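Written out below as C-alpha cells is the structure these notes cover.
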Amino acid sequence: MHASFRVGDSMILASDGRCTGKPKFDGFSLSLTVSSDADAKPLFSALSEGGQVTQPLTKTFFSSSFGMLADRFGVGWMVMAEKPQA
C-alpha cells in the first residue's frame, strides 16, 4: 500500500515496506495533537484497541494528556492534548 500527504509545500510519499508481506514499523511514531483531553481519550482508546499501550494518557509538563502506543498493526503513535494557555 502507498500513501501521500502534504507538509507545507512538500508532498511526502510513503510505502509499506517493499511489499514483502512482513511490514515492520520501527524507528518512528506518528503524533496526533488534539484540542482537549476529552478529544484525546477516545482517539487514544481507538488506536490502542488490539495494540499495546507503552505510556498511558497522563498529564505532563507539555501536555494536559499525553500517551504513546503501538496500534494493532505495530505502528507507533503519540497522542497529546494541547496544553491550555495560562
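Things worth noting here:
- Only residues that are touching a residue at least 12 places away in the same chain (Cβ under 8 Å) and open to solvent by 70 Å² or more (accessible area, probe 1.4 Å) were counted across segment 20-38, and they come to 6.
- Criterion: surrounded by 14 or more Cβ atoms within 10 Å (Cβ to Cβ) and either touching a Lys or Arg at 6+ places or on another chain (Cβ under 9 Å) or part of a loop (DSSP other than H, G, I, E, B) (or both) - qualifying residue of LEU69, LEU57: LEU57
- Look at (1) open to solvent by 70 Å² or more (accessible area, probe 1.4 Å); (2) touching a residue at least 24 places away in the same chain (Cβ under 8 Å) and you find that VAL79 fails only one, number (1).
- Test: SER15 is modelled with pLDDT of 90 or more, on the phi < 0 side of the Ramachandran plot and of a type in the set (S, T, N, Q): no
The values are calculated or read from the model by the stated rules, or taken from the named source; none is laboratory data. Just so we're clear, the structure is a prediction, and the values are computed from it rather than from any experiment. Here Cβ is always computed from backbone atoms with ideal geometry, including for glycine, and neighbour counts include all displayed protein chains. Areas reflect the complete protein model, heavy atoms only, side chains present, ligands, DNA and RNA absent. Shrake-Rupley method; radii C 1.70, N 1.55, O 1.52, S 1.80 Å.
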